[in-house]
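The structure appears below as structure tokens.
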Amino acid sequence: MRETPVLIAGGGPVGMTLARVLAHHGVRCLLVERNETTTRHPKMDITNGRSMELFRRVGLIDALRAAGVPESHPFDVSWITSLSGHELHRFRYPSVVEARREILARNDGTQAREPAMRVSQIVIEPVLRRAIEAEPLVEARWGVAFEALEQESDGVTATLRDAAGGLEQVRGRYLVGCDGGGSAVRGCLGIRLDGTPRVANRFMTHFRSRARDVLQRWGVTWHYQSAFGTLIAQDDDQMWTLQSRFPVGEPERVDPTALLASFAGAPFEHEILVANAWTPHLLVAEAYGRGRVFLAGDAAHQYIPTGGYGMNTGIGDAFDLGWKLAAVRRGFGGPGLLASYEPERRPVGLRNRAASARHTEVRIEIGRLYGPGLMAPGATGDAARAEAAARIARIGNAENESWGIELGYHYATSPVVCGEPEAVPSDDPLRYAPTTTPGARLPSVFLRDGSALFDHLGPWFTLLDFGGAGAAGRALAEAARRRGMPLRVVSVDEPALAAIYERGLVLVRPDQHVAWRGEALDHVEADAVVARVLGWSGPGVP
């Protein structure tokens, strides 16, 4: 029987990212994907700044940027009556080039290390596939489906089926289900989904067209939105997706060409590539795994696309679970480390589900402004459109401005974080407040020499020494050596950063979250800190 340290069921973005994280930390894995190719369905169209920071950690940033929409193009979102009618209100957002300038200009810890990237899942999956197929520690097999599992105390035996129907059993020390909303792994574990299924009916039309005089009437725009749907510019050239919110009739009778003409206000030349009905959900798994089996990505949570939280939440899952699996496999991760995955990531899944629902309500609220008056000619129509535009501006566009959701999620109550009960980070979904409170994402800044602090972090744990804490730093480094924990010590002699980083010493995990911070500690205290953050002590550890 074939054996592997980690078996990954599912070769979408989350499964492939997990494979890359494991390889980055020196751990072999086998990834199986039931489909023989990467997806043909444009399931997402933005990789947010937090995900881009994480992709940078594992050396994928250049390949991903090369595949995305040109960096000079904006992220604007515009509400319109139709593409042949009127533009009501435009929410303007900077291009990657402009965002980089803004990040450098602010440099106060409030920004992501990397700007977001506009890219379709159709495009991002081949990039990730090439990356993992080039990894000696990753074996990736497409056209192989996960079927069943049997779990024992020391491993998991999975049954796989190839495209010809042949069955094979593989033994893994751990199994991770990244196999989508209909997860077979989740089904085998008997884990239910909590929340609201089938919250709406949608119809997706993915098409090719060079009718940019119609599709970019008011210029390059990421999303053109109306009460009838959202037009997504996938590459700002010839690839587009219309997500229709209220198709008329039974799904099999919907005419996608008619939907395109209705949204545009006139017919235009196009080639339909994929068209189908689909149903969004607002669901989170009641558990993120059992024993040696874990769930990540859509297998653990499913959202309405508003806000772009689906894949981006899954990327966070992959990095959290990936480094912990690797630490345990490398021998320095303790019995409580993998048990911390669910208490860290499930609250994030629930928080993002709530945010997705809120954003959808905003779209519905704006949709109610649409009436016959918006299409009326002359002064009557102008007045109605002006009123609608003003109300849209007041309602806002939180789904593309929720920096607290994107950067401010935290693990302050995690069993493997040295928490400070009196200093819990902000949970404001809109505003990100930089902090080094244990469990929070480390704030990102650029140093005097022009380098990014994030780029100085080691592949495993990093101790940031902001000065004056030499003895405490040595104690922590010695405790790490005794546990076999890889640790890089980085001295930062920049007093201007004291207000942002708040303490003289900040211990940072491989996923860029703060594990501990302080000014002084002795050898006994240092041993306790290292034991806690590696899962050798603390709540739930036998």
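I'd like to know if the stretch 180-198 contains one or more residues that are closer than 30 Å to Glu399 by Cβ, modelled with pLDDT of 95 or more, hydrophobic (A, V, I, L, M, F, W, C) and part of a loop (DSSP other than H, G, I, E, B).
Yes - at least one qualifying residue is present in the stretch 180-198.
Quickly run through the stretch 132-158 and pick out the residues that are within 16 Å of Arg28 (Cβ to Cβ) and either in contact with a helix residue (DSSP H, G or I) (Cβ under 6 Å, 6 or more places away or on another chain) or not assigned by TED's automatic domain parsing to the domain that holds Thr47 (or both).
Ile132, Glu135, Leu137, Val138, Ala140
Quick check, is Arg56 among the charged types (D, E, K, R) and within 18 Å of the chain's Cα centre (by Cα)?
When the stated conditions are applied, Arg56 passes them.
Kindly establish whether Gln169 is within 30 Å of Arg329 (Cα to Cα) and part of a strand (DSSP E or B).
Against the criterion (within 30 Å of Arg329 (Cα to Cα) and part of a strand (DSSP E or B)), Gln169 qualifies.
Condition first: among the basic types (Lys, Arg), on the phi < 0 side of the Ramachandran plot, assigned to a loop (DSSP other than H, G, I, E, B) and modelled with pLDDT of 95 or more. Can you find one or more residues in the stretch 473-488 that meet it?
no
Looking at Thr110, is it of a type in the set (Val, Ile, Thr), under 27 Å from Gln216 (Cα atoms) and either at pLDDT below 95 or not assigned by TED's automatic domain parsing to the domain that holds Arg329 (or both)?
Numbers: of a type in the set (Val, Ile, Thr): yes; under 27 Å from Gln216 (Cα atoms): no; either at pLDDT below 95 or not assigned by TED's automatic domain parsing to the domain that holds Arg329 (or both): yes.
In short, no.
Scan the stretch 240-251 and give yes if some residue there is among the polar types (S, T, N, Q), at pLDDT 90 or above and surrounded by fewer than 18 Cβ atoms within 10 Å (Cβ to Cβ), otherwise no.
Looking for residues that are among the polar types (S, T, N, Q), at pLDDT 90 or above and surrounded by fewer than 18 Cβ atoms within 10 Å (Cβ to Cβ), one finds none in the stretch 240-251, hence no.
Can you tell me which condition Ala393 does not meet? The list is (1) within 27 Å of Tyr288 (Cβ to Cβ); (2) touching a residue at least 40 places away in the same chain (Cβ under 8 Å), and all the others hold.
The one condition Ala393 does not meet is (1).
Considering only residues of the stretch 349-383 that are over 24 Å from the mean Cα position of the chain (by Cα) and among the hydrophobic types (A, V, I, L, M, F, W, C), which is farthest from Gly85 (Cα to Cα)?
Ile364
Given the conditions (1) part of a strand (DSSP E or B); (2) surrounded by fewer than 16 Cβ atoms within 10 Å (Cβ to Cβ); (3) not assigned by TED's automatic domain parsing to the domain that holds Leu321, and given that Trp218 satisfies all but one, which numbered condition is not satisfied?
Single failed check for Trp218: (1).
On the basis of being touching a helix residue (DSSP H, G or I) at 6+ places or on another chain (Cβ under 8 Å), crowded, with 21+ Cβ neighbours inside 10 Å and in a helix (DSSP H, G or I), does Ala515 make the cut?
On the way: touching a helix residue (DSSP H, G or I) at 6+ places or on another chain (Cβ under 8 Å): yes; crowded, with 21+ Cβ neighbours inside 10 Å: yes; in a helix (DSSP H, G or I): no.
Judged against the criteria, Ala515 is not a match.
The values are calculated or read from the model by the stated rules, or taken from the named source; none is laboratory data. The model shown is predicted, which means the values in this text are computed figures rather than measured ones. When we count neighbours, we look across all protein chains shown, and the Cβ atoms used for this are built from the backbone with ideal geometry, even at glycine.
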